[in-house]
Structure formats: C-alpha cells, structure tokens
Amino acid sequence: MKTIIHKANTRGYANHGWLQSHHSFSFANYYNPERMNFGALRVLNDDIVQPKMGFGTHPHQNMEIISIPLQGALTHKDSMANKRAIEVDEIQVMSAGTGITHSEFNDSKKEVVNFLQIWIVPEELNVTPNYEQKKFASKNKHNKLQLVVAPKDKLEENALPINQQAYIYRTYLETKKTINIKAKSENNGFYIFVVDGAIEVDSNLLNSRDAIGVSEVESFAIKANKDSELVIIEVPMH
C-alpha cells in the first residue's frame, strides 16, 4: 500500500473576502509542484461563500466538475439553461466537454455556503457538455458506502454520470465502526477527505479536513475513532 497524507493545515489558502478557499492541490495562486494532482483527481477546493456573494459567469472546458454542498444552498446558472439551487445532500456534476459557462451564487442574506468543488480530468476530450444534480438520502450513507458519482458507461445504483472511470462515495461512520474499501480496478487509487471526525487508515490518524491518498492496494479498511463524515474519491492513477 502506498499512502500520501495531506493535513488540513498544509493546504493552500486564499481569502478574497467574499470567498475563503482551501486548496488540496495547486489552484489559482497556490502552486505546489508536489501537489498537482492525485491520479485523475486535479482539484479539491473547500470553499466558503459569504451571503449574497458568489462566482460570476465563467467558462470551463474538458473537465469533470463535481460540487458537494456541506452547508447552505448554492444557486447554479449555466449556458445550457439550467438554473437550480444545490442544497446539502445534493450532488451536482458537470461535464464541461466542448465548453460551458456558469455562475454560482449564495442567495442567502445570512448563511454562508460551504461546498467541496472537485475537478477530475476526463477520459475523453470535447464531449457534449452535460449537467445533472440529484439528492441522496442521508440515511443511506450510515456505516456504509453511498455511491454518488460513477462513470457514464458503468452507472450503478442512482449515481450521477461523469466522463471518467472514477467513482465518488459518501459515508458517515459511527465511532469504532470499520468499513472495507475495494478498488474497482487495480489501476485505481483512493483520495479520502475527512469532512468531519477522526479516522484511521493503515495506522495513519486523520482528523477533520485532513486527507489521505491510498494506491497500489486492492483493498483496505477505514476505522472511525469518532463519528466521521467522509468523501471518498476513487480515480485512475495512470
């Protein structure tokens, strides 16, 4: 098993006033040559958007973009005529493909929005853009893996489709519970982001907002040392 640890306080940080963002990988003005990606996972930003603020209309191309709200609601508007709010327990996926523009805004007058923005490099360039979002029942992630994103050609359960052989899971592990993780392919690795709580992976202790990358292993276990919320991203490493 090969592991890489990213402690919460080692992430890149940007404070724009209206936006506070922690970067797990090089992004915008944060550049770290040792943190360019984890396999096909290119970006994991932990963003907090202030009330009545947001990202103006901007373009994306040839990237799989996944948004996971942790607090509040983010209003999305794009060039494909989608205009919807994304709320906690909803997941949004966007295959930018040949090109798409969109904006994201916190319409609340009082509450901040906290969401994870994940970018995954696509397996095929210049596909037709696609946008989907779905609510996933919170009860279905208790002490088990809840699949929320999967390859568009291998869709399982009610997962949302992306243009890459990658999977995203959520789980809520109660104290002292253990969950076993098995790779879909020997080429895949896992990036485990601790939203909240404390876990143990191969004797490595991780706390809230820490992350661990695990690769070159067929299966492994995650143990919760206290109640823990996790996002687990399985991606091709090569």
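Taking other Cβ atoms within 10 Å as a rough exposure proxy, 18, 119 sort from fewest to most as 18, 119.
Using the Cβ-Cβ distance between residue 28 and residue 112 with R0 set to 25 Å, the FRET efficiency from 1/(1 + (r/R0)^6) comes to roughly 0.80.
Between residue 153 and residue 207, full extension at 0.36 nm per residue minus the direct alpha carbon distance yields a gain of 16.0 nm.
Dipole magnitude for the chain: about 460 debye, using +1 per Lys or Arg Cβ and -1 per Asp or Glu Cβ, origin at the Cα centre. Let me test this: with uniform point scatterers at the alpha carbons of the chain, what is the Debye-based log₁₀ I(q)/I(0) at q = 0.07, 0.08, 0.12, 0.14 1/Å? Cα-only, vacuum Debye calculation for the chain: -0.21, -0.27, -0.64, -0.90. Protection proxy ranking for 184-190, 122-128, using the average of other Cβ atoms within 10 Å per residue and placing the highest first: 184-190, 122-128. Step through the table entries 2/177; 7/135; 152/223; 139/223; 2/144; 83/184, compare each Cα-Cα distance with 26 Å, and write down the pairs that go over it. Check vs 26 Å cut-off fails for 7/135; 152/223; 83/184. Stretched out straight at 0.36 nm per residue, the stretch from residue 144 to residue 196 would grow longer than its current Cα-Cα span by 17.1 nm. Using Cβ point charges alone (K and R +1, D and E -1), the dipole size of the range 103-238 about the Cα centre works out to roughly 560 debye. Subtracting the Cα-Cα distance of residue 227 and residue 15 from their residue separation scaled by 0.36 nm leaves 73.4 nm.
A short reminder: the numbers here are calculations on the coordinates, not readings from a lab. Since this is a predicted model, take the numbers as computed values, not measurements. Because the Cβ atoms are built from the backbone with ideal geometry, glycine has one as well, and the counts that use them run over all protein chains shown.
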